[in-house]
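Reviewing the structure listed below.
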Amino acid sequence: MTHVLDPDAPAAAIPPRREPLAPYRDVTRSDAAFRAFLHGLPGVDQVGAESRVAVLGTRSIKTTAKAWALDAAISMVDLTTLEGSDTPGKVRSLAAKARRPDPGDPSCPQVAAVCVYGDLAGVARDALQGTGIHVAAVATAFPSGRASRAVKLADVRDAVANGADEIDMVIDRGAFLAGRYLDVYDEIVAVKDACGDAHLKVILETGELVTLDNVRRASWLAMLAGGDFIKTSTGKVSPAATLPVCLVMLEAVRDFRAATGRQVGVKPAGGIRTTKDAIKHLVLVNEVAGPGWLSPDWFRFGASSLLNDLLLQRQKLRTGHYSGPDHVSVD
Amino acid sequence: MTSLFEYAPAPESRSIVDVAPSYGLFVDGEFVDGSGTPLKTVNPATEEVLSEVATATDADVDRAVRAARRAFTRVWGPMRPADRGKYLFRIARLLQERAREFAVLESLDNGKPIRESRDVDVPLAAAHFFYHAGWADKLDWAGLGPGPRPLGVAGQVIPWNFPLLMLAWKVAPALATGNTVVLKPAETTPLTALLFAEVCRQADLPPGVVNIVTGAGDTGRAVVEHEDVDKVAFTGSTEVGRSIARAVAGTRKKLTLELGGKAANIVFDDAPIDQAVEGVVQGIFSNQGHVCCAGSRLLVQESVHDEVIASLQRRIGTLRLGDPLDKNTDIGAINSAEQLARIRELSDVGEAEGASRWQPACELPERGYWFPPTVFTDVSPAHRIARDEVFGPVLSVLTFRTPDEAVAKANNTTYGLSAGIWTEKGSRILAIADRLRAGVVWANTFNQFDPTSPFGGYKQSGYGREGGRHGLAAYLEGAR
């Protein structure tokens, strides 16, 4: 376990830049080329994007469709705790909830992953042994990402060594907003390498990128660099996940797969608290990216309180009446 | 791949609205029998007969016009403008209160998806009454000259594509400016107009201010040609508009016509492609393309043609066609068998003339009138599908190379109702909009309506404006 930084790391020979997938091999050959490519992506009209999600928000999901959506949403939850006050006890209790979200109903699916800080990944791994539930850890100086690359990579290696099989990294928004796109790209590539077999989710922190044009560019940047998932937010910045942002990211993964053949997942995180919100997201996935993304392998919700609302709605659908907050566990 | 996520049926309940087995005419504040042979109005999605509706003969129309004249002379004309405004506010509120009823009835009678009748038609109709209610006591300050006076009795004939909304576009400005009306709804969609008559009674609108005479073309002709009508307003086909213009020529009647269109939706290579595709879909497939300002010609810059068409086809593949009352339906039924026949005929001509037809895999219901969303590529400006108004869910795709060519092709139509421009470049929007001969030009959006914004056409799309300050002028004497 490497808790100590390798003092020679920054001085190590820089390997040649890894090229993105065809047909985009040459877009990272220079700063200028990469910038031209990202700025050449079609723009996003904010008003149009908002009206599209407003219309999709009127979809009426009832009965059998709702039952399917609830179970799908539960199985896509990355059950998250990212507090300074997190303890092994808290993480174990979350893991228990992840395995058996509704103690009264064994037919309730388990969630996709438990998401914690890297130092607690080992606790989560032990608590989830044999369940198939993934252990996700945030890394790279989460949530701000303001640390040297060596620190960030060490953070990633540490989390992986502790047992995380999914890494949620943050991009360098400062570099992105300053137009140093290749720096952001190189960092993601380096983090991907540090991940080894662990899946890499790239957090764009769209609340700091602000414009939908930036969201599209950052999405493409992260996909070209080899991210397995693109994720909206850390949950520490407001606004976090919004439907228009999710729309643009879903369009990006759809277009990226059409162009390169490689499928990338999407994870909205932060601010999704109700079943209604979750179902709106699923409708968006279904009608924008397509049904190919309707599985925990390709779509996740980064959330904590959402799960209980999904469980209450699930109970309501089965029993015909609403119970109350005491009919689901606190965590 | 069939979706894992099949939306279960989510039908809006019909029980909110009572459809009577038969309806009379609404004349002088009362429902009365018509003297002609009654018409049957059907649900185009099922061919089920919804109700039987009276036909007004010349004598019935005469009674209605006399009632309107009486109401104009004795009550509505002399009334304090602020009080006229109160009635209009009351009607607007009642439309909102009974919105669900109107939406369901509109979808039943017209075939349009409930999502559109609920979210577009009915709220916009109420908005028109609210907007014009505000004008009623402010006409002196509308900038239309000093002391503008009402014209008298307005004869209004409206189409079947937006039955309630077109009623609102006609009735609200007429009443706000102090006129009384005799309105003839379309023969295939009279029911919401008759429900509106009920709202007029509920609002205690003085008898004779609004009269509704149902029937087919002969009834419309009687309204238009009646000697005591001061103003004729018509929305519908260019063919009928022409005959109305002929009938009105040489009389004292003022005339406004809102007729057909063959709008160009121009997509430049720097457009926000996803939103442009969405706007193109919304422009031609909303309300099954039964929209006079529909973006029925897609002019796409050749350099992005393939990308746009691929994206468009993928998007069309996700449209949900079916039961208009299902809340998840995007495309409803074609309004009538006749209209369906015309759409089929023009589509066949398109194919015969050499354009390529594309339709998504799409199951059509067995009963009712249905036509799948259709895209024609390889269309030349000489093809009929590039020139004639189809008034259905049929898009013709043409290409252009330069802005000049886009403008030339967009203007190369006998119509001139609307157009759309898609580009991220603001200066280009202004430069192109300036050169398009169309009454409405939308930029990076399409089919957006607001009562404050005037609407109307160039060339064979008609004359006069509806909505906004300009729309008031059409109903005022001495207005400039």
For the range A:94-111, which residues satisfy the criterion of being of a type in the set (A, V, I, L, M) and touching a Pro at 6+ places or on another chain (Cβ under 7 Å)? A:Val111
Any residue at all in the range B:322-339 that's at pLDDT below 95, assigned by the TED database to the domain that holds B:Val300 and of a type outside the set (Val, Ile, Thr)? no
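Do the conditions hold for B:Asp33, that is, is it open to solvent by 10 Å² or more (accessible area, probe 1.4 Å) and under 19 Å from B:Val229 (Cβ atoms)? Steps first, please.
Working: open to solvent by 10 Å² or more (accessible area, probe 1.4 Å): yes; under 19 Å from B:Val229 (Cβ atoms): no.
Judged against the criteria, B:Asp33 is not a match.
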Among the numbered criteria (1) of a type outside the set (Lys, Arg); (2) open to solvent by less than 40 Å² (accessible area, probe 1.4 Å); (3) farther than 30 Å from B:Asn328 by Cβ; (4) more than 14 Å from chain B (Cβ to nearest Cβ), which single criterion is violated by A:Leu41? (4)
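Just name the residue that is nearest to the chain's Cα centre (by Cα) out of those in the range B:256-285 that are away from every other protein chain (no Cβ under 14 Å) and part of a strand (DSSP E or B).
Of all residues in the range B:256-285, those away from every other protein chain (no Cβ under 14 Å) come to B:256-264, B:266, B:284.
Now restrict to residues that are part of a strand (DSSP E or B): B:256-258, B:264, B:266.
On the way: B:Thr256: 15, B:Leu257: 12, B:Glu258: 9, B:Ala264: 18, B:Ile266: 22 Å.
In this case the residue turns out to be B:Glu258.
When you scan the range B:59-76, do you find a residue that is more than 14 Å from every other protein chain (Cβ to nearest Cβ) and within 25 Å of B:Ser336 (Cα to Cα), even just one?
Step one: of the range B:59-76, the residues more than 14 Å from every other protein chain (Cβ to nearest Cβ) are B:59-76.
If we keep only those that are within 25 Å of B:Ser336 (Cα to Cα) too, we end up with none.
There is no residue in the range B:59-76 that is more than 14 Å from every other protein chain (Cβ to nearest Cβ) and within 25 Å of B:Ser336 (Cα to Cα).
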Only one of (1) away from chain B (no Cβ under 11 Å); (2) open to solvent by less than 40 Å² (accessible area, probe 1.4 Å) is not met by A:Arg18, so which one is it? (2)
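Being touching a strand residue (DSSP E or B) at 6+ places or on another chain (Cβ under 6 Å) and either among the charged types (D, E, K, R) or in a loop (DSSP other than H, G, I, E, B) (or both) is the filter; apply it to the range A:144-163 and report the residue that is nearest to A:Pro296 (Cα to Cα).
A:Gly163
Give B:Asp83, B:Asp28, B:Asp58 a once-over and let me know the one that is assigned by the TED database to the domain that holds B:Phe196, on the phi > 0 side of the Ramachandran plot and open to solvent by 40 Å² or more (accessible area, probe 1.4 Å). Show your work before the answer.
On the way: B:Asp83 fails: on the phi > 0 side of the Ramachandran plot; B:Asp58 fails: on the phi > 0 side of the Ramachandran plot.
On inspection, the qualifying residue turns out to be B:Asp28.
Any residue that is open to solvent by 50 Å² or more (accessible area, probe 1.4 Å), of a type in the set (Ser, Thr, Tyr) and within 14 Å of chain B (Cβ to nearest Cβ) - is there at least one of those in the range A:46-54? Steps first, please.
From the range A:46-54, those open to solvent by 50 Å² or more (accessible area, probe 1.4 Å) are A:46-47, A:50-51, A:54; that's our starting set.
From the residues that got through so far, the ones that are of a type in the set (Ser, Thr, Tyr) too are A:51.
Checking which are within 14 Å of chain B (Cβ to nearest Cβ) leaves us with A:51.
Yes: one or more hits.
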In the range B:251-277, which residues are surrounded by 22 or more Cβ atoms within 10 Å (Cβ to Cβ), acidic (Asp, Glu) and farther than 24 Å from A:Leu56 by Cα? B:Glu258
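Counting just the residues of the range B:316-370 that are among the acidic types (Asp, Glu) and not in a loop (DSSP other than H, G, I, E, B), which one comes out most open to solvent (accessible area, probe 1.4 Å)? Working first, answer last.
Taking the range B:316-370 first, the residues among the acidic types (Asp, Glu) are B:323, B:326, B:330, B:338, B:345, B:348, B:351, B:353, B:363, B:366.
Narrowing the set further to residues that are not in a loop (DSSP other than H, G, I, E, B) leaves B:326, B:338, B:345, B:348, B:351.
Numbers: B:Asp326: 23, B:Glu338: 145, B:Glu345: 98, B:Asp348: 87, B:Glu351: 91 Å².
Ranking the qualifying residues of the range B:316-370, first place goes to B:Glu338.
Considering only the range A:272-327, state which residues are assigned to a loop (DSSP other than H, G, I, E, B), open to solvent by less than 50 Å² (accessible area, probe 1.4 Å) and within 21 Å of A:Ala98 (Cα to Cα).
So the first thing to find is which residues in the range A:272-327 are assigned to a loop (DSSP other than H, G, I, E, B), and the list is A:272-274, A:290, A:294-298, A:300, A:304, A:320-324.
Within this subset, residues satisfying the condition of being open to solvent by less than 50 Å² (accessible area, probe 1.4 Å) are A:272, A:290, A:294-296, A:300, A:323-324.
Scanning the range A:272-327 gives A:Ile272, A:Leu294, A:Ser295, A:Pro296, A:Arg300, A:Ser323, A:Gly324.
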Cβ contacts < 8 Å: first residue under 15 Å from B:Gln359 (Cβ atoms), restricted to the range B:331-343; second residue open to solvent by 50 Å² or more (accessible area, probe 1.4 Å), any location; separation 6+ or different chain. Result? B:Ile331/B:Arg320
Just to check your reading of the model, which residue among A:Val253, A:Val248, A:Val237, A:Val330 is within 30 Å of A:Arg146 (Cβ to Cβ) and part of a loop (DSSP other than H, G, I, E, B)? A:Val237
Residue check for B:Thr189: touching a Lys or Arg at 6+ places or on another chain (Cβ under 9 Å), at pLDDT 95 or above and open to solvent by less than 10 Å² (accessible area, probe 1.4 Å): no
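Out of A:Leu41, A:Leu128, which single residue is farther than 29 Å from A:Leu284 by Cα and either touching a helix residue (DSSP H, G or I) at 6+ places or on another chain (Cβ under 6 Å) or at pLDDT below 95 (or both)?
A:Leu128
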The one condition B:Gln282 fails out of (1) in contact with a Pro (Cβ under 8 Å, 6 or more places away or on another chain); (2) in the same structural domain as B:Arg437 (by the TED database) is (1)
Within the range A:219-232, is there a residue that is over 17 Å from A:Asp168 (Cα atoms), at pLDDT 95 or above and of a type in the set (Lys, Arg)? no
Could you go through the range B:366-386 and let me know if any residue there is of a type outside the set (Phe, Trp, Tyr), within 14 Å of another protein chain (Cβ to nearest Cβ) and closer than 30 Å to B:Glu47 by Cβ. no
Of all residues in the range B:286-307, how many are closer than 21 Å to B:Lys425 by Cβ and more than 10 Å from chain A (Cβ to nearest Cβ)? 8
Among (1) touching an Asp or Glu at 6+ places or on another chain (Cβ under 8 Å); (2) in a helix (DSSP H, G or I) - the single one B:Arg242 does not satisfy: (1)
B:Glu52 passes all but one of the listed conditions (1) over 23 Å from B:Thr188 (Cα atoms); (2) open to solvent by 30 Å² or more (accessible area, probe 1.4 Å); the exception is number (1)
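Find the residue count for the range A:297-331, including only residues that are β-branched (Val, Ile, Thr) and at pLDDT 95 or above. Give the steps one after another, and end with the answer.
Applying the first criterion (β-branched (Val, Ile, Thr)) to the range A:297-331 yields A:319, A:328, A:330.
Next cut, at pLDDT 95 or above only: none.
Result for the range A:297-331: 0.
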Could you list, in sequence order, all residues of the range A:60-98 that are free of Cβ contacts under 8 Å to residues at least 40 places away in the same chain, within 12 Å of another protein chain (Cβ to nearest Cβ) and open to solvent by less than 30 Å² (accessible area, probe 1.4 Å)? A:Ser60, A:Ala65
Can you pull out the residues in the range B:102-134 that are surrounded by fewer than 23 Cβ atoms within 10 Å (Cβ to Cβ) and among the aromatic types (Phe, Trp, Tyr)? B:Phe130, B:Tyr131
Look at A:Gly227 and say whether it is touching an Asp or Glu at 6+ places or on another chain (Cβ under 9 Å), open to solvent by less than 20 Å² (accessible area, probe 1.4 Å) and more than 14 Å from every other protein chain (Cβ to nearest Cβ). no
Members of the range B:1-31 found to be free of Cβ contacts under 8 Å to residues at least 24 places away in the same chain and away from chain A (no Cβ under 14 Å), listed by number: B:Ser15, B:Asp18
Under 8 Å by Cβ, and 6 or more places apart or on different chains, what pairs join a residue from the range B:442-458 that is within 22 Å of B:Thr423 (Cβ to Cβ) with one that is assigned to a strand (DSSP E or B) and not hydrophobic (A, V, I, L, M, F, W, C)? B:Trp442/B:Ser418; B:Trp442/B:Gly420; B:Ala443/B:Gly420; B:Thr445/B:Gly420; B:Phe446/B:Asn265; B:Phe446/B:Gly420
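The values are calculated or read from the model by the stated rules, or taken from the named source; none is laboratory data. A quick note: this is a predicted structure, and the numbers were derived from the prediction, not measured. Here Cβ is always computed from backbone atoms with ideal geometry, including for glycine, and neighbour counts include all displayed protein chains. What goes into the accessible areas is simple: the full protein's heavy atoms, side chains included, and nothing from ligands, DNA or RNA. Shrake-Rupley method; radii C 1.70, N 1.55, O 1.52, S 1.80 Å.
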